[in-house]
Structures are given as structure tokens and as C-alpha cells.
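Asks: Provided herewith is a single structure, encoded as C-alpha cells, for subsequent inquiry.
The values are calculated or read from the model by the stated rules, or taken from the named source; none is laboratory data. Just so we're clear, the structure is a prediction, and the values are computed from it rather than from any experiment. We place every Cβ from the backbone using ideal geometry, glycine too, and count neighbours over all the protein chains shown. Keep in mind that these areas ignore ligands, DNA and RNA; they rest on the heavy atoms of the full protein, side chains included. Shrake-Rupley method; radii C 1.70, N 1.55, O 1.52, S 1.80 Å.
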Amino acid sequence: MNQEIKIIRSAGEMRAWALAQKGAGKTIGFVPTMGALHEGHISLMQAAASGSDCPVASIFVNPTQFAPTEDFDAYPRTFERDLEMSREAGITLIYAPTASGMYPADYSTYVTVEQVSEGLCSLTRPHFFRGVATVVTKLFNAVLPDKAYFGQKDAQQCAVIKRMVRDLDMGIEIIEMPTVREPDGLAMSSRNRYLSEADRVRALCLSRALFEAEERMRGGERCAARIVAGVCAGMAEVEIDYIALVDAETMALVDEIEGPVLLAVAAKVGAARLIDNIKFTPNP
Ligand code: AMP
């Protein structure tokens, strides 16, 4: 694929372009990202490229989803490389708005999604989902997608976006794509580049503990307390933020597995806060 990639920086121009495509009967597939792209992002982009006429991605490190103490300034920014990777994945347009364009000094409007936003990542990042829901709404309003692609790696984020799209009648199909992993199991993440060599080895305990739990669930274990205790033992070498077994759609804690569940973990490993999860559906 050798076509040039188009870059748009303002919401007005983005929306005018999107309206023109829709007027010509074309569908828009959209992948929101914060850049520092890896194979996880690429899998979403390839799905958008094969599933829509106009595959669009955004690159925007969104300040409203970072607390002042978090890594907004340190977050990796690799724009030129991201453009090349996006183009190779079949994306034809990058929407890369500026922070001042997105959030003028008197910016005042936020989107809050209740229930599914509670627990898990909200426990240590209470600001996070309000920032995500707000920026995704703004990106949707500019890009006007028919379909939008998100990764299961950020499963609670996916649940929040699905609920928001349903509750606010946004009429966008949300497609959740599987987590892409390194060959040894570590979930790909832009933050993996914060890991030292020793931390990179320790980080493996997240996926390993989740896969072991998955085996136990496949073997018939249904008790949340026992499953969580097993994962906790498997993650002894990192600083655990949370381990939770929740309903896969509502994110409510479950005691006993009766339907589809999400087993999600977050931990601090050296300089990086990492998250990972698996989903499990018991046989009827
Ligand atoms: P981010 O740039 O971290 O905001 O992520 C942008 C999108 O890529 C989100 O929908 C993420 O869930 C998704 N994503 C991030 N890492 C992975 C991964 N390892 N596998 C699949 N999707 C991912």
C-alpha cells in the first residue's frame, strides 16, 4: 500500500471531510489511539481497513485522562513512525488534533458514565473514565464513524464506551478486538517501553497468573475468592493495584461464576502501571 496518508488537525475540517465521505455513500471505520503504536493498535487498524471504506485513526495524548501525578509528559510520542505504521496497516487518514483545539482555556463539558466506570481502574485512577468518555465523544463527533474499534486489553474502557454509545444513542457499532501479546504472553502496551530488563521479566507474572486462572476456570473452578487468591499468589513479585473477577458487561463483582466474566488485573512494575485481563464464559 503506497498511498499518502492524509493528516487533519481540526475538528471542523475533520467533520467536513467525514460528511463528504458519508454524502458519497462511504462508511467510516475509526481507531482512536494515543500513538506510540504497536501490534495491538495495528490489529485494530487492519480490522478498520478491511471493515470500512474510509479507515481513520486518531493520535492524541489526551490530557484529561491523566492525573497531575501521572505520566502525561513522559508518555511516548513517536508521531512520524506512527504515521508510517498506520499507512502500512491500511489507514488513509490520521486525525491528530491539538490539545488547545480540543480543550480551549474555558472548556467546561464532560461525559460521565456511571456504574461500569466504577471499581477496577477507577479505584486508583478516579479521573480516568471521565477523561476517556469525554475525549471519545469529541473524537466521534468529529470523525462521525459508522464503526469504532477498541482493544479488549482495556476491557473496562470498552465496557464504558459500549454503555455510553448505547445510553446516548450514538448509533456507532463498537467492535472489541482481542488482546495482542508478545510471544511470551505479555500484553502489548505503549507503556511496556518504561520497563527495565528485570521489570520486563517480572511483568510476565500478570499474563502467567491470568492464564493459570483460566485453566482452573476451564477445569470447573467457579469461586471468585479462590480464583483471585490464586492470581494474587502468582503476582507476588509485583505491586498489585487490583485483581477483580467481574461480570463481563456490567463490571460488577461476582462471587460465583454463572455467566461471562472478566478477570482483570493491574499492577505497578517498576516505572510502569500495567493492566491485563482474560474473559471466560462457562458452558451452560
Ligand atoms: P491507547 O493508544 O493505549 O489509548 O490504545 C488505543 C487502542 O488500542 C485502545 O482501544 C486499546 O484497547 C487498544 N490496544 C492497546 N493495546 C492493545 C493490545 N495489546 N491488543 C489489542 N488492542 C490494544
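Asks: What are the residues in the range 18-53 that are open to solvent by less than 40 Å² (accessible area, probe 1.4 Å), more than 16 Å from the ligand (Cβ to nearest atom) and part of a helix (DSSP H, G or I), if any?
Replies: Correct list: Ala18, Gln21.
Asks: Right, something else. Output the residues belonging to the range 169-181 that are over 24 Å from Ala244 (Cβ atoms), touching a strand residue (DSSP E or B) at 6+ places or on another chain (Cβ under 9 Å) and open to solvent by 50 Å² or more (accessible area, probe 1.4 Å).
Replies: Within the range 169-181, just Glu173 meets the criteria.
Asks: If you don't mind, another one. Do we find that Leu253 is surrounded by fewer than 21 Cβ atoms within 10 Å (Cβ to Cβ) and touching a residue at least 40 places away in the same chain (Cβ under 8 Å) in this structure?
Replies: Judged against the criteria, Leu253 is a match.
Asks: Out of everything in the range 120-137 that is polar (S, T, N, Q) and open to solvent by 10 Å² or more (accessible area, probe 1.4 Å), what residue ends up being nearest to Val31 (Cα to Cα)?
Replies: Thr137
Asks: Here are some residues: Met170, Met164, Met177. Which one is within 11 Å of the chain's Cα centre (by Cα) and either within 20 Å of Val111 (Cβ to Cβ) or among the aliphatic types (A, V, I, L, M) (or both)?
Replies: Of Met170, Met164, Met177, the one residue that is within 11 Å of the chain's Cα centre (by Cα) and either within 20 Å of Val111 (Cβ to Cβ) or among the aliphatic types (A, V, I, L, M) (or both) is Met177.
Asks: Continuing with this model, one more query. Only one of Asp146, Asp154 is modelled with pLDDT of 95 or more, open to solvent by 40 Å² or more (accessible area, probe 1.4 Å), under 19 Å from Ile243 (Cβ atoms) and in contact with a helix residue (DSSP H, G or I) (Cβ under 9 Å, 6 or more places away or on another chain); which?
Replies: Asp154
Asks: Conditions first: (1) within 14 Å of the ligand (Cβ to nearest atom); (2) touching a strand residue (DSSP E or B) at 6+ places or on another chain (Cβ under 6 Å); (3) among the aliphatic types (A, V, I, L, M). Ile7 passes all but one, so which condition is the exception?
Replies: If we test Ile7 against (1) within 14 Å of the ligand (Cβ to nearest atom); (2) touching a strand residue (DSSP E or B) at 6+ places or on another chain (Cβ under 6 Å); (3) among the aliphatic types (A, V, I, L, M), just (1) comes out false.
Asks: Among the numbered criteria (1) away from the ligand (no atom under 11 Å from the Cβ); (2) more than 20 Å from Asp276 (Cβ to Cβ); (3) not in a loop (DSSP other than H, G, I, E, B), which single criterion is violated by Ile174?
Replies: (1)
Asks: Same structure, new question: Tell me, please, whether a residue that is under 30 Å from Leu186 (Cα atoms), part of a loop (DSSP other than H, G, I, E, B) and in contact with an Asp or Glu (Cβ under 8 Å, 6 or more places away or on another chain) can be found in the range 61-75.
Replies: Within the range 61-75 (the criterion being under 30 Å from Leu186 (Cα atoms), part of a loop (DSSP other than H, G, I, E, B) and in contact with an Asp or Glu (Cβ under 8 Å, 6 or more places away or on another chain)), the answer is no, since none of the residues qualifies.
Asks: Let me ask you something else. Considering only residues of the range 67-83 that are farther than 22 Å from Ala142 by Cα and in contact with a Gly (Cβ under 7 Å, 6 or more places away or on another chain), which is least open to solvent (accessible area, probe 1.4 Å)?
Replies: Thr78
Asks: Give the range 138-158 a look and list any residue that's more than 13 Å from the ligand (Cβ to nearest atom) and in a helix (DSSP H, G or I), or say none.
Replies: The answer is Lys138, Phe140, Asn141, Ala142, Val143.
Asks: Another one. Within the range 159-168, does at least one residue satisfy the condition of being within 23 Å of Asp247 (Cβ to Cβ) and within 10 Å of the ligand (Cβ to nearest atom)?
Replies: Yes, because at least one residue in the range 159-168 is within 23 Å of Asp247 (Cβ to Cβ) and within 10 Å of the ligand (Cβ to nearest atom).
Asks: Considering only helices (runs of 4 or more DSSP H) fully contained in the range 182-237, which possess at least 1 residues that are within 16 Å of the ligand (Cβ to nearest atom) and open to solvent by less than 30 Å² (accessible area, probe 1.4 Å)?
Replies: Hits in the range 182-237: 204-218.
Asks: Would you call Glu70 more than 12 Å from the ligand (Cβ to nearest atom) and closer than 16 Å to Asp154 by Cβ?
Replies: Judged against the criteria, Glu70 is a match.
Asks: Report every pair of residues separated by at least 6 positions or lying on different chains whose Cβ atoms are under 7 Å apart, first residue within the range 155-182 and among the small types (Gly, Ala, Ser), second open to solvent by less than 40 Å² (accessible area, probe 1.4 Å).
Replies: Ala155/Leu262; Ala155/Ala264; Ala155/Asn277; Ala159/Val116; Ala159/Met251
Asks: Can you pull out the residues in the range 258-273 that are touching a strand residue (DSSP E or B) at 6+ places or on another chain (Cβ under 8 Å) and open to solvent by less than 10 Å² (accessible area, probe 1.4 Å)?
Replies: Correct list: Val261, Leu262, Leu263, Ala264, Val265, Ala266, Ala267, Val269.
Asks: Could you say which residue among Ser100, Ser86, Ser117 is assigned to a helix (DSSP H, G or I), at pLDDT 95 or above, surrounded by 13 or more Cβ atoms within 10 Å (Cβ to Cβ) and among the polar types (S, T, N, Q)?
Replies: So the residue among Ser100, Ser86, Ser117 that is assigned to a helix (DSSP H, G or I), at pLDDT 95 or above, surrounded by 13 or more Cβ atoms within 10 Å (Cβ to Cβ) and among the polar types (S, T, N, Q) is Ser86.
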